[in-house]
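Okay, structure first, notes after.
Just so it is clear, none of the values below were taken in a lab; they were calculated from the coordinates. Please read these numbers as outputs of a predicted model, since none were measured by experiment. Glycine also receives a Cβ, built like all others from the backbone with ideal geometry; neighbour counts cover every protein chain displayed.
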Amino acid sequence: MSALSVAVIGAGAVGAATALTLAREGHHVTLIEPGEPGGEQAASYGNACWISPESVVPMATPGVWRKVPGWLSDPLGPLTIRWAHLPTLAPWLVRFLRAGSTVAKVERTSRALRGLVHDAVERHEALAASAGVSELIARNGHLYAFRDRAAFEAEALGWRLRREAGVRWLELSAEELHQREPALSREYRFALLLEDAAHVTDPGAYVAALASAALAQGAMHRRARATGFEIRAGRLQAVLTSDGRVAADRAVIAVGAHGKALAAAAGDSVPIESERGYHIVIEAPEASVRTPVMVADAKTPLTPTVRGLRVAGQVELASITAEPAWARSDVLLALARRLLPGLPSDIPPERIRRWMGHRPSVADGLPVLGPASGSADIVHAFGHGHIGLAAAPKTAALVADLVAQRAPAIDLAPFSPTRFR
Ligand SMILES: Cc1cc2nc3c(=O)[nH]c(=O)nc-3n(C[C@H](O)[C@H](O)[C@H](O)COP(=O)(O)OP(=O)(O)OC[C@H]3O[C@@H](n4cnc5c(N)ncnc54)[C@H](O)[C@@H]3O)c2cc1C
């Protein structure tokens, strides 16, 4: 197929990977992004860094609502709701809980997620190598730490889904766990080691490198905010931006949690909200982990990065425009001290960086990926929730298939933008 002019809107992990993939295929790419690719404005900057083929378990599962009161009342709990925003969020929340109301629904969602992440590690390695930053991908596995075997068995559904997705693990005894992770609290006496998993050691630098590689392939960066589309007789003419019109044959909406308005401008109504998340990075930590560790009961990953120990997590439900509640990052710090008792209580504040950002969460736990209703020239590629870093390269490949009118490698029906009608 001949080269097209493609406007990729948003330069997070999804947009940057897509821009690079399309530029490699010979298309004339314009990356429309008001900020710096890889910058702090994007969820792709601040996530937990995990490239996890095991991310095939949606957040909503049967009975999750029963755990909500406990999480909300625990000061160190993983979930918080700003009650003033509840009326606006209620329709999304109802859909979210309904999507996980039966095992059959969760199994369907899990099968769809599998298609986006099963080969995430290999795809990231290839993408990083092609951008000249192989050193930013570390393949040294993931550890899931539990207080005991019973705590692992209590998560049977999730681990069954992972096994069915082809994920393999080794069981570690308390002694084996503490040999591998001597700094981790002795409260954790059982673990799973997923040897094939990986992490990005500096997600901001990685996204910036992917965008730079796209620019080196001829892509242009337009520093502007997309506001809508000019569509004539079903064909895209241009993307409208805060800095004028960008003429384009095709456009890709890769703006993460900001997708609702642009999706509507392209003819689709998508129930997406921000699941706000936080991280702290402790520079030169006195105690840390060697492998990324997910502490199951705290639902908080600890990740070693080039900038220090990153503790990322928390789900805060509030509007996308609400100010950060930095008390949530204090929760992460308190958790870090509990999980790594060697961390002192008086770490100087200048060694602790804090960040808040927006997980783009579609109510049914799946991203929106496919041609827009208002024009098939516009492709949706947003709403990856908790897995957008891991799923970025596969998403980019699928978008490239759609742009080139090739049959996509997986069935895109579960991701259809029209599924909420
Ligand atoms: C605390 C936390 C931990 C996480 N941990 C992980 C993890 O370990 N592994 C994982 O796979 N995922 C993780 N995630 C989720 C992951 O970070 C996101 O799913 C992913 O970053 C989404 O990427 P994106 O490119 O779609 O969106 P973003 O990274 O948010 O990028 C969107 C970009 O679009 C730009 N934009 C917005 N509106 C416009 C507009 N109108 N015009 C032009 N540009 C616009 C923004 O400036 C931004 O740069 C985590 C998220 C959080 C918050």
Taking the highest mean first, how do the peptides 136-142, 197-203, 227-233, 384-390 order by number of other beta carbon atoms within 10 angstrom per residue? 384-390, 197-203, 136-142, 227-233
Quick check on the chain: helices-only [θ] at 222 nm, where DSSP H runs of length 4 and up contribute -39,500 (n - 2.57) each and the sum goes over total residues. Nearest 500, please. -9500 deg cm²/dmol
Could you check the spin-label model distance between Ala264 and Val68? Points 7 Å from the Cα along Cα→Cβ, value in nm. 2.4 nm
With both bridge residues required to lie in the chain, what share of the DSSP beta bridges run antiparallel, to the nearest 5%? 70 percent
Plugging the Cβ-Cβ distance of Arg232 and Glu195 into 1/(1 + (r/R0)^6) at R0 = 51 Å yields, to the nearest 0.05, a FRET efficiency of 0.45
Can you give the extra length, in nm with one decimal, that the chain gains between Ala150 and Ala409 once fully stretched, where that is 0.36 nm per residue apart less the Cα-Cα distance? 89.3 nm
Net charge over other residues, Cβ less than 12 angstrom from the Cβ of Val362 (K, R count +1; D, E count -1): 0
Putting +1 on Lys and Arg Cβ atoms and -1 on Asp and Glu Cβ atoms, find which of Ala251, Ala99, Ala219 reaches farthest to the positive end of the dipole of the chain. Ala99
Counting only the backbone N, which residues of the stretch 323-355 are under 16 Å from the spot 7 Å out from the Cα of Glu286 toward its beta-carbon? 333-352
Using 0.36 nm per residue of separation minus the Cα-Cα distance, give me the extension gain between Glu135 and Ser2 in nm, one decimal. 44.4 nm
Between Rg and the Kirkwood Rh of the stretch 1-146, both from Cα atoms, what is the Rg to Rh ratio? 1.03
Ranked from highest to lowest mean number of other Cβ atoms within 10 Å per residue, what is the order of the peptides 73-81, 261-269? 261-269, 73-81
Spin-label proximity, Arg111 to the stretch 139-165 - amide N less than 15 Å from point 7 Å beyond Cα toward beta carbon: 161-162, 164-165
Under 12 Å from the Asp297 label point (7 Å along Cα→beta-carbon), backbone N, the stretch 156-200: 186-190
If the viscosity is 1.306 mPa s and the temperature 10 °C, what Stokes-Einstein diffusion coefficient in µm²/s follows for the chain when Rh is the Kirkwood radius over Cα pairs? 73 µm²/s
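Within the set Lys260/Lys394; Lys67/Lys394; Lys299/Lys394, which residue pairs have Cα atoms separated by over 24 Å?
The answer is Lys67/Lys394; Lys299/Lys394.
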